Every structure is written in structure tokens, then in C-alpha cells.
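What follows is a short report on a single structure.
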Ligand code: G
Ligand code: G
Ligand code: MN
Ligand code: NA
């Protein structure tokens with residue numbers, strides 16, 4: 001309850017910060033995107049993990065202004081990166097189900113892009129299957145509008161839900177992110193390899209980009225590369241880092 005009351009003031013008090021985790025195209029040896037991950041530093045509570053405060057933000061409706069700030073701040077940052085010469089870098093933001101109820105979400109996003117001189121193709125929205133389930137019709141309406149604007153719509157945590165395959169057909173996804181759990185358990189075992197391999201082939205057949213998440217070591221990288229997975233994200237390449245560190249990371253290249 002106390003956390004909730006603190007959360008109301010967090011935006012005004014500028015307690016949020018975005019961290020960025022790189023997405024790598026291993027065939028091009030290039031950083032192709034940055035996923036924005038929110039961080040909350042409260043003067044008394046200290047660092048509060050998103051898994052602890054995002055649910056509260058969703059329940060209270062605070063996710064609308066917080067989510068808007070995330071989009072605003074990540075687009076502002078990406079526009080800076082474009083000006084620094086990383087002209088095809090994308091930024092990805094996580095969107096909660098509740099944000100679909102935000103009256104002017106699409107309009108707001110379009111305005112943020114214009115204001116920052118950022119073309120829509122450089123913004124990705126990551127949606128989980130569970131957030132679609134809450135209101136599929138509304139989700140479809142909003143995601144279709146975002147897709148028509150040219151924004152990349154990605155299915156996050158792919159493979160953990162119940163009917164992911166049907167959603168790929170019904171909703172305008174152009175990217176799937178294979179859930180970390182599949183990569184974490186990835187060993188030279190028939191089943192693990194078969195699942196990832198099937199998703200990569202599925203993505204190719206449906207003209208969807210595929211990203212593997214949670215790569216923590218060279219062995220996982222090698223296994224994924226052998227399965228023709230080309231885009232990856234994980235601690236092995238880079239942990240989520242603040243804007244300054246992420247800018248240095250871009251400067252150092254791979
Ligand atoms: O970053 P980790 O960094 O601990 O993120 C934990 C969870 O919080 C993930 O499921 C991630 O998708 C979610 N998350 C991180 N940032 C945001 C955000 O800005 N908005 C929403 N809705 N979820 C976020
Ligand atoms: O749910 P979503 O995929 O948006 O959240 C990503 C979460 O995974 C964040 O909490 C992020 O910090 C975390 N993460 C990113 N890369 C790795 C990794 O290689 N290993 C682990 N264990 N977590 C990771
Ligand atoms: Mn995500
Ligand atoms: Na994910």
C-alpha cells in the first residue's frame with residue numbers, strides 16, 4: 001500500500017529511468033535494436049524491480065502515464081542515437097494490456113514519433129500473449145493501427161502461452177521473441193533443439209523476424225547459430241544498462 005502511494009509521485013519526482021539491452025544480428029555482427037526496460041529508484045525503497053511495481057501500476061491505472069513516459073523517453077533516446085550515426089537502430093518497448101485501454105494510445109505514439117523526428121519503423125512494441133487474452137478485440141484493433149503506422153509489433157515471451165500459433169495468424173505481428181526459458185534449458189538435446197528450430201522455420205515461413213532471448217554463454221550462441229537463429233539478446237552480449245552505458249556500448253561496436 002505504501003508502495004502504491006509512492007508510485008503516484010514517481011513520475012513527477014523523476015524516479016524512473018530506462019535501461020537498454022542490445023539486440024544483436026550475429027550474421028551482420030551488428031547491434032540492431034535496444035529493448036527499453038524501466039527501472040524505479042525510490043529514495044526510501046531503493047531500487048524496485050518492474051515485476052514488483054508494474055502489476056501495481058496496472059491495477060491503479062498508473063501504467064497509462066508511466067507507459068507513455070517510457071515511449072516518450074525511449075523515442076527521445078533513439079533519436080539521439082540516430083543523430084550520433086546509428087541511423088537504423090530500433091528501440092523496443094514493453095506494452096501492458098491495460099495500455100490498450102488508454103484512449104489515445106495510437107495517436108499519442110504517432111505524436112511522440114513526429115515530435116522526435118523518428119520514423120515508425122524504428123519503434124517496436126512488445127506484447128505478451130497474456131495481455132492479448134484480456135481483450136482480444138481491443139488488442140487487435142490497436143495492434144492493427146500500430147502496424148498500419150509502420151511500427152513493429154512483436155510477440156514477447158513466445159512459446160509460454162496456450163495459443164501462440166493462432167495469435168500469430170490473427171494479429172499483425174512482424175516479430176517473435178522466443179522466451180528465455182527455451183534458451184536457458186537449451187542443451188544438445190533433441191527436444192530443445194527441435195523447439196527452437198521449429199520456431200525459426202515458422203518465422204521464416206510466416207515472414208516474421210525471430211529473436212532468441214536469454215543468451216548467457218557462447219555454447220547457447222553456437223547452438224542457436226547452428227539452428228539458423230540470427231538475432232539474439234541476452235547477458236552474453238550485454239545486460240540492460242543505462243542510457244550513458246548503452247551509448248558507450250554502441251560506440252564500442254561488437
Ligand atoms: O528488466 P527486467 O528487466 O527485470 O523486466 C522484468 C519484467 O518487466 C519483464 O517482463 C519486462 O517485460 C517488464 N517491463 C520492463 N519494463 C517495462 C515497461 O516499461 N513496461 C511494461 N509494461 N513492462 C516492462
Ligand atoms: O519479459 P521480457 O522478455 O520483456 O523481460 C526481459 C527480462 O529478462 C528482463 O528482466 C531482463 O533484464 C531479463 N534478461 C535479459 N537477458 C537475460 C539473460 O541473458 N538472462 C536472464 N536470466 N535474464 C535476462
Ligand atoms: Mn520484452
Ligand atoms: Na521476453
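The values are calculated or read from the model by the stated rules, or taken from the named source; none is laboratory data. Bear in mind that the values here come from a model prediction, so they are computed numbers and not experimental data. Every residue, glycine among them, receives a Cβ derived from its backbone with ideal geometry; neighbour counts consider all protein chains shown.
With the checklist (1) assigned to a helix (DSSP H, G or I); (2) surrounded by fewer than 20 Cβ atoms within 10 Å (Cβ to Cβ); (3) in contact with a helix residue (DSSP H, G or I) (Cβ under 9 Å, 6 or more places away or on another chain) in hand, flag the one item residue 37 doesn't pass.
All conditions are met except number (1).
Scan the range 209-249 residue by residue and report those that are within 30 Å of residue 80 (Cα to Cα), more than 16 Å from ligand 3 (Cβ to nearest atom) and surrounded by fewer than 20 Cβ atoms within 10 Å (Cβ to Cβ).
216, 230, 236, 242, 243, 244, 245, 247, 248, 249
State all residues of the range 230-254 that are over 28 Å from residue 49 (Cβ atoms) and assigned to a loop (DSSP other than H, G, I, E, B); if no residue qualifies, say none. Lay out the reasoning, then the answer.
In the first step, residues of the range 230-254 are kept if they are over 28 Å from residue 49 (Cβ atoms); the result is 230, 251, 253-254.
Answer for the range 230-254, where residues must be over 28 Å from residue 49 (Cβ atoms) and assigned to a loop (DSSP other than H, G, I, E, B): 230, 253, 254.
Can you pull out the residues in the range 209-229 that are over 18 Å from residue 191 (Cα atoms) and assigned to a helix (DSSP H, G or I)?
If the condition is that a residue be over 18 Å from residue 191 (Cα atoms) and assigned to a helix (DSSP H, G or I), then 218 is the only one that fits.
Could you say whether any residue in the range 167-179 is farther than 20 Å from residue 143 by Cβ and within 18 Å of the chain's Cα centre (by Cα)? Step through it out loud before you land on a result.
Within the range 167-179, the first condition is being farther than 20 Å from residue 143 by Cβ, and the residues that meet it are none.
No, because not a single residue in the range 167-179 is farther than 20 Å from residue 143 by Cβ and within 18 Å of the chain's Cα centre (by Cα).
Being in contact (Cβ under 8 Å) with a residue 40 or more places away in the chain and either away from ligand 2 (no atom under 16 Å from the Cβ) or part of a strand (DSSP E or B) (or both) is the requirement here; does residue 147 meet it?
Against the criterion (in contact (Cβ under 8 Å) with a residue 40 or more places away in the chain and either away from ligand 2 (no atom under 16 Å from the Cβ) or part of a strand (DSSP E or B) (or both)), residue 147 does not qualify.
In the range 97-133, what residues are without any contact (Cβ under 8 Å) to a residue 12 or more places away in the chain and in a loop (DSSP other than H, G, I, E, B)?
103, 104, listed by residue number.
Exactly one condition in (1) under 16 Å from the mean Cα position of the chain (by Cα); (2) within 25 Å of residue 213 (Cα to Cα); (3) buried (at least 21 other Cβ atoms within 10 Å of the Cβ); (4) at pLDDT 95 or above is false for residue 99; which is it?
(4)
Sort out which residues of the range 119-136 are surrounded by fewer than 16 Cβ atoms within 10 Å (Cβ to Cβ), under 17 Å from residue 99 (Cβ atoms) and either modelled with pLDDT of 95 or more or within 16 Å of ligand 3 (Cβ to nearest atom) (or both), and write them in order of number. Can you show your working first?
Initially, the range 119-136 is screened for residues surrounded by fewer than 16 Cβ atoms within 10 Å (Cβ to Cβ), giving 119, 121, 130, 133-136.
Still in the running and under 17 Å from residue 99 (Cβ atoms): 130, 133-136.
130, the sole residue that qualifies.
Hey, any hits in the range 108-118 for a residue that's touching a helix residue (DSSP H, G or I) at 6+ places or on another chain (Cβ under 9 Å), within 16 Å of ligand 3 (Cβ to nearest atom) and on the phi < 0 side of the Ramachandran plot? Full working, then the answer.
Initially, the range 108-118 is screened for residues touching a helix residue (DSSP H, G or I) at 6+ places or on another chain (Cβ under 9 Å), giving 108-110, 112-113, 115-118.
Retained after the next criterion (residues that are within 16 Å of ligand 3 (Cβ to nearest atom)): none.
No; the residues of the range 108-118 include none that is touching a helix residue (DSSP H, G or I) at 6+ places or on another chain (Cβ under 9 Å), within 16 Å of ligand 3 (Cβ to nearest atom) and on the phi < 0 side of the Ramachandran plot.
For the range 152-182, which residues satisfy the criterion of being in a helix (DSSP H, G or I) and within 14 Å of ligand 3 (Cβ to nearest atom)? Let's see the steps before the verdict.
At the first step, the residues of the range 152-182 found to be in a helix (DSSP H, G or I) are 164-170, 180-182.
Scanning the range 152-182 gives 180, 181.
Against the conditions (1) within 16 Å of ligand 4 (Cβ to nearest atom); (2) surrounded by fewer than 17 Cβ atoms within 10 Å (Cβ to Cβ); (3) in contact (Cβ under 8 Å) with a residue 12 or more places away in the chain, where does residue 197 fall short? Just the number, please.
Condition (1) is where residue 197 drops out.
For the range 78-96, how many residues are within 14 Å of ligand 3 (Cβ to nearest atom) and either farther than 27 Å from residue 139 by Cα or in contact with a strand residue (DSSP E or B) (Cβ under 8 Å, 6 or more places away or on another chain) (or both)? Show your work before the answer.
Looking only at the range 78-96, we keep the residues that are within 14 Å of ligand 3 (Cβ to nearest atom), and these are 90-96.
Then drop every residue that is not either farther than 27 Å from residue 139 by Cα or in contact with a strand residue (DSSP E or B) (Cβ under 8 Å, 6 or more places away or on another chain) (or both), which leaves 90-95.
Total satisfying the criteria: 6.
Over 22 Å from residue 111 (Cα atoms), crowded, with 19+ Cβ neighbours inside 10 Å and more than 10 Å from ligand 1 (Cβ to nearest atom): which single residue out of 8, 20 fits that description?
Going through 8, 20 in turn, just one is over 22 Å from residue 111 (Cα atoms), crowded, with 19+ Cβ neighbours inside 10 Å and more than 10 Å from ligand 1 (Cβ to nearest atom): 20.
List the pairs whose first member sits in the range 54-71 and is away from ligand 3 (no atom under 16 Å from the Cβ), whose second member is part of a loop (DSSP other than H, G, I, E, B), and whose Cβ atoms are under 7 Å apart, counting only residues at least 6 apart or on separate chains?
Close Cβ pairs (under 7 Å, with a partner that is part of a loop (DSSP other than H, G, I, E, B)) amount to 64/102; 65/11; 69/11.
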